[in-house]
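**Q** Here it is, the structure, as structure tokens.
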Amino acid sequence: MGTTEDRSEFLRLFLKVQPAVRSYLLSLLRNGVDADDVFQEVSLVLWERFGDYDASFPFLNWAFGIARNHVARWRRSAPRTRAWLPPEVEEKLAVTYAEIEDELAPRRTALRNCVEKLGAHARELLSLRYEKLWSLQRIAQARGMSLNAVNKALGKIRKFLSDCTGSTRLEEMGSA
Amino acid sequence: MTPERLQELLNAFVDDQLDAPGQRELARALESDEEARRAFVRAADQHQALRDLLGPATIQETRRWKPWAILGAIAAAAVITLSAWLLRPATPPSKESPVATPERKPAPPPPRPQPPVRPPEPAPAPVTRPEPAPIVPPPRPVPPPPRAPEKASPPVPPEPRPEPPPPPPTPAPPKETVIAVATLESVRGEVALLAAAGRKAAAAGQIVAAGQGVSTGGGDSAAVLVFPDASRVELRPGTLVEEILAAAGKRLLLARGSLVADVVKQPPGQPMVFATRHAEAVVLGTRLALGCFEGTKLEVKEGQVRFTRLSDKRAVTVDGGEYSIAAKGADLNPKRTTRGPMMAGTAIWGEDFQEPDEIEKDWSLKRTGLVVATRGQLDIDCSGDGEATLSHRGRFTAPIRVSVDVEFTQRLKGTLVALRFQSWRTTELVHIDLDEERYYLRIGDQNTTMEAPRRNARRERWTVELGADGGVQLLIDGKPMLKSRRPATPEEFHITLLTRAKDALPASHVRFDNFLIERVK
């Protein structure tokens, strides 16, 4: 990559696809920390190999391909990290990500506003889960709830957020 | 699969609660049902977005995604690359691939709406081990779930559970005789004293009366209780001791969290009892650690503890260097402790790299360019160029002996392997390094070296002794190799395992295992 235009173009494409790639890695690896680690590797390889990228094809597809290769490398370097999906399903998921990326992107943008619409207790539960990274068991003990109750509460919160981000997207589409 | 069942599986997936049958069930649905795949992608993407939005700013510097650091590196690399290009336009430098196999341009995808995402190349060949077989059984047809209608209006925000009502106003305490059972020797962070009248912030030096409890908050909150016989109990963060009694012996009711106790020899018939909802540990004199979470885990450092599971009253004796777990489905029989501070004998700390979650709590991993795995052993893939360090979060003072198994799968070409001690207060360093040719023992400016007798792939045990008199010795497989001296000032060290690679041999790995810190005379 030799020009400032290339660099700008890379950054533009990279910033656009990075949420989807991270999410895809999380889907394959299940563990967020592992997914973050692999993503760092993938990011650098995308940068280094950007000269090989053929702009007539979607950048996201190219990034997913590299991501899958790095997941394979990661599993070889960490033998206890077994694949939980067959390769053909991993590929189908990549296709689905690419197909609905236009839907996912506005949902991500709307998420912050939707979280702010949650009640205080729901926000606290989300904070324990995502900010403090507590397991469901630990949340249940700390809040004096059963594991099932925590499970259901988080499920309801996620459903609310999914509905909220979806409806925000629909509203935006309607106003566009 | 019904939409409700799919939703259950998706929630379990993002909360890391999906068991093996659930994984197989979800995998089958994802294989055969496009709507399930879309629901899965939405759920996973929302989970990732929540991690980004709410995730902690710094969990561990190195195991945390740092997008701007990457972008910064990319921008910096862009400048460097651009400069190199401008200086030498005719012959751009060839660079070795940072990955094991090249990644080429993707094959052209067919037109939408079904754009295939193909890997840009066939899966790379295994480097050291074969790819593990997928755990998913052959697919079975699954009927497609009915399509759920999308809601257009925002629903009412859920309220998972009401807060417990605030405690009633505290009445004036009645005048009564208070039996002091312990003193709070020290407190750190959020610590509260729990009495019938309510909950009050606790301070060091405060008396804990019979029947009262103590709780510690999150973060690094902690408290140390000292009993009149000098027995000490340290409450770790997030711990609730509901009640402390001192009738015939002492009794602590641990509701949640963990503690470490140094219990002096108790009078006959008056043991110290640690009780949880799962088990009771009866102690006559020992050092132990007790954790109460989904079950109760007892680790004994010295002496013996009688451990009784409450569900069936079965009891076992847990000796020093052993642990036992009282939990549903867990085997109560004691097992040898192989990591942490409760290993037997002179061990101060051991690490067998078997519990990744625990490793993350006790160690800090930093790496650039190298792929690191901490499962089963610390495995550093030196295929790329870069550096990886794993630093213990604890502080250790001489005299100590530190041992670790070190394995190289290839000749150490372009690779440096090191065990290092760094002082917390000063810049004092003790380096034990090995490259392709020599062992190095460096203390400050002093450097002592010895030629490595073997150059090829091998596994050896390094032992470093830091004596109280300042003597430092390196032994390889028990054989003394190098000696030196450091100032005999008392210092707290932190200990790091380091690997640095540049143009290492293909498929070369460095592995550390069975790390042990021992107290020596």
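The values are calculated or read from the model by the stated rules, or taken from the named source; none is laboratory data. These numbers come from a predicted model, not from an experiment. We place every Cβ from the backbone using ideal geometry, glycine too, and count neighbours over all the protein chains shown.
**Q** Which residue out of A:SER27, A:SER56 is in a helix (DSSP H, G or I) and either among the small types (Gly, Ala, Ser) or under 24 Å from B:ASP379 (Cα atoms) (or both)?
**A** Going through A:SER27, A:SER56 in turn, the sole match is A:SER27.
**Q** Would you list the strands (runs of 3 or more DSSP E) that sit entirely within region B:266-308 and hold 3 or more residues that are among the hydroxyl-bearing types (Ser, Thr, Tyr) and within 17 Å of B:VAL233 (Cα to Cα)?
**A** In region B:266-308, there are no strands (runs of 3 or more DSSP E) which contain 3 or more residues that are among the hydroxyl-bearing types (Ser, Thr, Tyr) and within 17 Å of B:VAL233 (Cα to Cα).
**Q** List the helices (runs of 4 or more DSSP H) inside region B:11-87, counting only whole elements, that have at least 2 residues being over 23 Å from A:ILE157 (Cβ atoms) and modelled with pLDDT of 90 or more.
**A** In region B:11-87, the matching helices (runs of 4 or more DSSP H) lie at B:20-32.
**Q** Scan region B:458-473 and report the pairs whose first residue is touching a residue at least 40 places away in the same chain (Cβ under 8 Å) and within 19 Å of B:HIS494 (Cβ to Cβ) and whose second residue is surrounded by 15 or more Cβ atoms within 10 Å (Cβ to Cβ) and polar (S, T, N, Q), with Cβ atoms within less than 7 Å and a gap of 6+ or a chain change.
**A** What qualifies is B:TRP462/B:SER403; B:THR463/B:SER403; B:GLU465/B:GLN473; B:VAL472/B:SER484.
Yes/no matrix, rows are residues, columns are (1) closer than 20 Å to B:GLN48 by Cα; (2) within 7 Å of chain B (Cβ to nearest Cβ):
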{"position": "A:ASP36", "(1), (2)": "yes, yes"}
{"position": "A:SER43", "(1), (2)": "yes, yes"}
{"position": "A:GLU48", "(1), (2)": "no, yes"}
{"position": "A:ILE66", "(1), (2)": "yes, yes"}
{"position": "A:ALA72", "(1), (2)": "no, yes"}
{"position": "A:PRO87", "(1), (2)": "no, no"}
{"position": "A:GLU91", "(1), (2)": "yes, yes"}
{"position": "A:THR109", "(1), (2)": "yes, no"}
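**Q** Which one of these does B:VAL41 not meet: (1) surrounded by fewer than 18 Cβ atoms within 10 Å (Cβ to Cβ); (2) at the interface with chain A (Cβ under 7 Å from one of its Cβ atoms)?
**A** Among (1) surrounded by fewer than 18 Cβ atoms within 10 Å (Cβ to Cβ); (2) at the interface with chain A (Cβ under 7 Å from one of its Cβ atoms), the lone unmet condition for B:VAL41 is (1).
**Q** Tell me, which residue of region B:352-390 that is out of contact with any Leu (no Cβ under 8 Å at 6 or more places or on another chain) and more than 13 Å from chain A (Cβ to nearest Cβ) is farthest from A:GLU41 (Cα to Cα)?
**A** Step by step, filter region B:352-390, then rank; the result is B:ASP352.
**Q** Still on this model: Assess whether B:MET342 counts as being surrounded by 15 or more Cβ atoms within 10 Å (Cβ to Cβ) and within 30 Å of B:ALA195 (Cα to Cα).
**A** When the stated conditions are applied, B:MET342 does not pass them.
**Q** Please count how many residues of region B:448-457 are under 34 Å from the mean Cα position of the chain (by Cα) and farther than 16 Å from B:VAL417 by Cβ.
**A** Looking only at that region, the number is 0.
**Q** Would you mention how many residues in region A:15-36 are at pLDDT 85 or above and under 20 Å from A:ARG107 (Cβ atoms)?
**A** The number of residues fulfilling the criteria is 14.
**Q** If you don't mind, there's one more thing I want to ask. For residues that are in contact with a Gly (Cβ under 9 Å, 6 or more places away or on another chain), over 26 Å from A:GLU99 (Cβ atoms) and of a type outside the set (A, V, I, L, M), tally how many sit in region A:31-83.
**A** Number of matching residues: 3.
**Q** Next question. Between a residue in region B:227-247 that is among the β-branched types (Val, Ile, Thr) and any residue that is outside any strand (DSSP E or B), which pairs come within a Cβ distance under 8 Å, given they are 6 or more apart or on different chains?
**A** B:VAL233/B:PHE227; B:ILE244/B:ALA210; B:ILE244/B:GLY211; B:ILE244/B:GLN212
**Q** Can I ask one more? Only one residue in B:ASP229, B:ASP262 is among the acidic types (Asp, Glu) and not in a strand (DSSP E or B), so which one is that?
**A** B:ASP229
**Q** Name the strands (runs of 3 or more DSSP E) wholly within region B:426-493 that hold at least 1 residues that are among the aliphatic types (A, V, I, L, M) and touching a Pro at 6+ places or on another chain (Cβ under 7 Å)?
**A** Per the criteria, B:458-466.
**Q** For B:ARG411, which of the numbered conditions (1) among the basic types (Lys, Arg); (2) crowded, with 16+ Cβ neighbours inside 10 Å; (3) under 25 Å from B:GLY340 (Cα atoms) fails to hold?
**A** (3)
**Q** How many residues does region A:51-82 hold that are farther than 30 Å from B:ALA12 by Cβ and modelled with pLDDT of 85 or more?
**A** Of the residues in that region, 3 qualify.
**Q** B:ASP405 - would you say it is more than 21 Å from B:ARG486 (Cα to Cα), buried (at least 20 other Cβ atoms within 10 Å of the Cβ), in contact with a strand residue (DSSP E or B) (Cβ under 6 Å, 6 or more places away or on another chain) and of a type outside the set (Ser, Thr, Tyr)?
**A** no
**Q** Name every residue in region A:111-137 that is more than 7 Å from chain B (Cβ to nearest Cβ) and either among the aromatic types (Phe, Trp, Tyr) or within 14 Å of B:GLN17 (Cβ to Cβ) (or both), in order of residue number.
**A** Within region A:111-137, A:ARG129, A:TRP134, A:SER135 qualify.
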